[in-house]
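Everything on this sheet refers to the single structure shown next.
We did not get these values from a lab; they are worked out from the coordinates using the rules stated. Please read all numbers here as calculations on a predicted model, not as lab measurements. Cβ coordinates were reconstructed from backbone atoms using ideal geometry, including for glycine residues, and neighbour counts include every protein chain displayed.
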Amino acid sequence: AVGEDESEKDVESVCPYCGVGCLLTYHVKDDKIQWTDGRDGPSNHNRLCVKGRYGYDYSRSPERLTKPLIRREDAPKEADPQIDPANPYTHFREATWEEALDRAGYDLRNIRDKYGSQALAGFGSAKGSNEEAYLFQKLVRTGFGTNNVDHCTRLCHASSVKAMLEMIGTGGITNQVEDVARAEVIVVIGANPPVNHPVASSFMKNAAQNGKKLILIDPRRTDMAPHADYMLQFQPDTDVALLNSMMAAILEEGLVDEEFIRSHTSGFEALQEHLAAYSPDHMEPITGIPAETIREVSRLYATSEGSMIFWGMGVSQHSHGTDNARALIDLALMTGQIGRPGTGLHPLRGQNNVQGASDAGLIPMVYPDYQPVNDTATQEKFEQFWGSKLDDQLGLTAVEIFNEAHEGNIKGMYIMGENPAMSDPNLRHSRESLVHLENLTVQDLFLTETAFYADVVLPASAFQEKLGTYTNTDRRVQMGRPALSLPGDARQDLDLIQEIARRLGLDWNYSGPREVWEEMRQCMPSIAGMSWERLDREDSITYPCPTEDHPGTPILFLDKTFWTQDGKAHFQTADFTRAKELPDDEYPFVLITGRQLEHWHTGSMTRRTQVLNAIEPMATLSMHPEDLRQMGLQPGDKVRTYSRRGSVDLATRADDGLHRGQVFLPFAYHEAAANLLTTDVLDPDAKIPEFKYCAVQIQPSAEQ
Ligand code: SF4
């Protein structure tokens, strides 16, 4: 809608931050966003959190890149470059678009032709649109000739998706957040929704106020705790022990749903046998949760008319993250708490489009709609559809790509809108990998920590400057609409992908996101019924939506037919194992990393947003007050935190929601990058790193 003054307009769009996917309106004047309002979207009903309400001015930051850049010949790459993002000219020079695109595209092509396709890799973005994700993976698969394409889903819910696909045949949530109003019991485990999914958490709190039983299970007592009926503050890293003991308690008391198990599942006997070793009494000293409490919450969960489970990175980011998720799914299946309103499984998606980017095939083992790359018939289908020979090997995952680059086997990388030089584990190693590349092309809004290592930097489009679709944690596809013009010479991401594709020999001429979406609909049955007009008109449609008259599918498995080959859900057993790096005398604290309310992931957007950065301007290490006192420290005192891989200097903050011996560090701050400390040990099944557990040592700084 346009106001009376032509320079004013209201643009209906969606929030660019978390997976809740709140619909909002940008109020624009003179090509600047003046303020935002929540709209009555299905996931937010007019609500917005602080990020959605105030987090928009990053796109007009003075640090915004507006010209293509090429690395200067006298600025060799270093492992620890000292670059001021406000002054890139110490290491880069401006280039014309033609020169920058030729350098990027032809260098990547030359690497492919000289060393072979497996010497290339691409990182797409969970913050880009569905259309950008689809086109990016198509470029890597048909232009680079490899399946080495991944994005940050590998770092967040890869383990959840792995377990869900093998056990129930989908990686998507089975029930939407709004179902908390229809549940009787809501379990939130390893997630901190008031910080990471704030508007979703407000509906959970409303449900608790309305008498639903809220069970929080987390090593940290978070801001959700005052709203909970039960707070199980268990010992970090003992998820499998706790979940297995809950299932053992349910077995003990004969509360399994026998009819559901008999008719709709397989593998229960093996699970039953496995659980014999996990009685609540036996697990109490391991988990720190009294056996009676375990029995009580298990009884509640099993016997309610509807129990839902939400989980986050606290479950998934472990070297046994897939086993954690398997145990959660087992719990829902053995009690038949799935396939009805107010039940089911909901891995809370972090980024605004991490669900959509995964659906669009931005992962190394599947084409769009999770169609496996190593299935010959599927490969042939996509070869025909895209008119290109395709790689028949599974691609490398995110951390594997960096390991191969470190070894010199990956030589060229195209990174669009992600910042692995901040988000990858064991950063020193990842940053060294970037130094080794013959060509690194980075497409982004700012000179991010990853762009410090680039040969070519392509200035791209911010969320508020482009049209596209985004899929939220509820599987809702929603339309983001442009509110602002592009600054300077910055260009649309979709155009830039096409420009690189042309230089790799692909003759692409998509006129815009709509044409890309129409192609996606042809190879993705889940969205086949969502025409562009319909999305534009309805604003939010939930997949699967197979035909244009289909209303969408908010709840999966109502007919109790799972999307596995035999239509049954498959129980799996999970062994309790420990993290790969436990505390010891030298490194006595456990480090947990994560987000905070005001800052988003690696901080490239929110730390350039005035209001958000003013609220949380600096990195702090949260510690239990008793640990601080014992070390002779006050909140705010400076400390150096070491792991076996690196160190960071920062101030402390008191948090009595932590266990003693446990510390928390957000990963948004480049000046104290949490991932310099984390370990790159991977879950063997999903290749997700163990961000939620490593051992650190803390020393007071000499200077206070
Ligand atoms: Fe944006 Fe998430 Fe906040 Fe909603 S809850 S306003 S989607 S950050």
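Odds and ends about this structure:
- At most 16 other Cβ within 10 Å, DSSP loop - GluC sites (Glu not before Pro), the range 274-374: 305
- For the range 228-332, the square roots of the Cα gyration tensor eigenvalues, ordered a ≥ b ≥ c, give a/c below 1.5, which places it in the rounded category.
- Taken one residue at a time, the phi angles of the range 602-610 give Karplus couplings (6.51, -1.76, 1.60, θ = phi - 60°) of 7, x, 4, 8, 5, 6, 9, 10, 4 Hz. Gly and Pro are set to x.
- Per-residue ellipticity at 222 nm computed for the chain from its helices equals -8500 deg cm²/dmol, with DSSP H segments shorter than 4 residues left out and the rest contributing -39,500 (n - 2.57).
- For residue 580, distant residues with modelled amide H under 5 Å away: 319
- The GluC sites (Glu not before Pro) of the range 400-448 that meet both conditions, a loop assignment by DSSP and at most 16 other Cβ atoms within 10 Å of the site Cβ, are 407.
- Ratio of the Cα radius of gyration of the chain to 2.2 N^0.38 Å, where N counts its residues: 0.92
- Cα shape, the range 534-663, gyration tensor, a/c 1.5 rule: oblate
- Cα extents for the range 587-687 along the principal axes, largest to smallest and rounded to whole angstrom: 39, 37, 23.
- Taking 26 Å as the limit for the C-alpha separation, the pairs 138/411; 67/127; 51/466; 127/692; 466/692 exceed it in the case of 466/692.
- Shape category assigned to the range 45-115 from the gyration tensor of Cα positions, a/c cut at 1.5: prolate
- Under 23 Å from residue 568, Cα to Cα: lysines that are on another chain or at least 8 residues apart: 162, 560
- Whole-angstrom gap from the range 493-510 to the range 170-219, using each part's C-alpha centre: 42
- Given charges at Cβ of Lys, Arg, Asp, Glu: the chain dipole, positive-most of 604, 87, 203: 87
- Each of the peptides 23-36, 101-114, 321-334 was scored by the mean count of other Cβ atoms within 10 Å over its residues; in descending order, highest first, they stand as 321-334, 101-114, 23-36.
- Note on 316, 59: ascending count of other Cβ atoms within 10 Å places them as 59, 316, the fewest first.
- P(r), alpha carbons of the range 469-534 - 10 Å bins starting at zero, rounded %: 16, 42, 33, 9
- 18 Å Cα-Cα reach of residue 213 towards lysines, excluding residues that sit fewer than 8 places from it in its own chain: 205
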